[in-house]
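The values are calculated or read from the model by the stated rules, or taken from the named source; none is laboratory data. Just so it is clear, the model here is predicted, and its values are computed rather than measured. Note that each Cβ is placed from the backbone with ideal geometry, even for glycine, and that neighbours are counted across all protein chains shown.
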Amino acid sequence: MPTVLLRKSPTAFKTLPLYVEANPDRLNYQSLGRPLNFGEVIERRRPVEVPNTHRFALELANLGVSVRLTLGWQDREYWVLVRQQRLDRGDVVLKLISGYVPAHELNLPLLTAIQEIAEECLLETPEGWLSGRFGDTWLPTPYEGPLQYRETPHFALASLTGATRPVHCGERVLMERPRAYVHLPTASLQLVYDMRLEVPKDVHRPSLFHVDERLEDGELVARLDRSQADLYLIPLQHGEPQEQLLQLRSGRLSPVATRGLWLSESFAPQDGWVVRAERIRWKDWWIGRALAVAR
């Protein structure tokens, strides 16, 4: 039976539409107009086009963040993906941890990325749930109360080397160099942070769970469903993903079938600053990677 962890009103969330300018060397975004609620953002997320994918200026519905999270556990590394049923697009995909950037964090989207990790990626041990630190800063524990968080040990979160082309919010260069792309089908700017989560060596039999919010009867409801962990791992070898999908439960890795699987647009090819695809098949992503290596 799923456990309700949190209920909140969607009206409390506000974000801002954007004006984006891009050239081959950099991308700049700034807020535009008045704050929007969830419903207004969805209404604005309609397809847009640009004549030149390397140089353009246009208005977009919102700013989103994703985290390409590398999990370090038992001297191995894995990329972390979550399963999401996207009601606005009518599909089910595996995607990076991600979320909308609220208006007050538009110039500090890294804070949103860290918050999304705390909300979406949960590590359970037989002694309780792990909290985490980013440098000297404790991550939020959004479900304290329904879940028992351990005081020690904790996982360590750190930034990895980012993209080469800078992204500016106004005159300010974003730290950690996120990868940026404009997703044309949803008229959104997406920032992808590269981060690493290290599981402490003295943690035994960990399990990974994904928690996502859904709109139900006018409320955003976060539920934990132990029967559907919905958090997946792609093993890495020398930093490169392997053609395998796994889940971690009670310290054991189990393979997951990939037949008919779709990945979100962040895995699709990027042309300049633009991604055109809504999603990409798992097998097509692997074919694309093989072709890139062959070149």
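Annotations
- Residue check for Ala57: assigned to a strand (DSSP E or B) and exposed (fewer than 13 other Cβ atoms within 10 Å of the Cβ): yes
- The set of residues in segment 227-246 that are touching a strand residue (DSSP E or B) at 6+ places or on another chain (Cβ under 7 Å), under 20 Å from Glu116 (Cα atoms) and not β-branched (Val, Ile, Thr) comprises Ala229, Asp230, Leu231, Tyr232, Leu233.
- Leu263 meets each of the listed conditions (1) in contact with a Leu (Cβ under 6 Å, 6 or more places away or on another chain); (2) at pLDDT below 95 apart from (2).
- Test: Pro109 is touching a Cys at 6+ places or on another chain (Cβ under 9 Å) and surrounded by 13 or more Cβ atoms within 10 Å (Cβ to Cβ): yes
- Summed over segment 244-289, the residues that are outside any helix (DSSP H, G or I), under 17 Å from the mean Cα position of the chain (by Cα) and of a type in the set (Phe, Trp, Tyr) give a count of 1.
- Selection status of Gly39, outside any strand (DSSP E or B), touching a Leu at 6+ places or on another chain (Cβ under 8 Å) and either loosely packed, with under 13 Cβ neighbours inside 10 Å or in contact (Cβ under 8 Å) with a residue 40 or more places away in the chain (or both): no
- Test: residue in segment 211-221 that is touching a residue at least 24 places away in the same chain (Cβ under 8 Å), surrounded by fewer than 17 Cβ atoms within 10 Å (Cβ to Cβ) and touching a Ser or Thr at 6+ places or on another chain (Cβ under 7 Å): yes
- Answer residue from segment 264-281, given it is within 21 Å of Ile97 (Cβ to Cβ) and hydrophobic (A, V, I, L, M, F, W, C) and is surrounded by the fewest Cβ atoms within 10 Å (Cβ to Cβ) among those: Ala277
- Residue match in segment 177-184 (condition: closer than 29 Å to Leu108 by Cβ, surrounded by 20 or more Cβ atoms within 10 Å (Cβ to Cβ) and touching a helix residue (DSSP H, G or I) at 6+ places or on another chain (Cβ under 7 Å)): yes
- Single match in Leu248, Leu224, Leu291 (criterion: over 26 Å from Arg45 (Cα atoms) and at pLDDT 95 or above): Leu248
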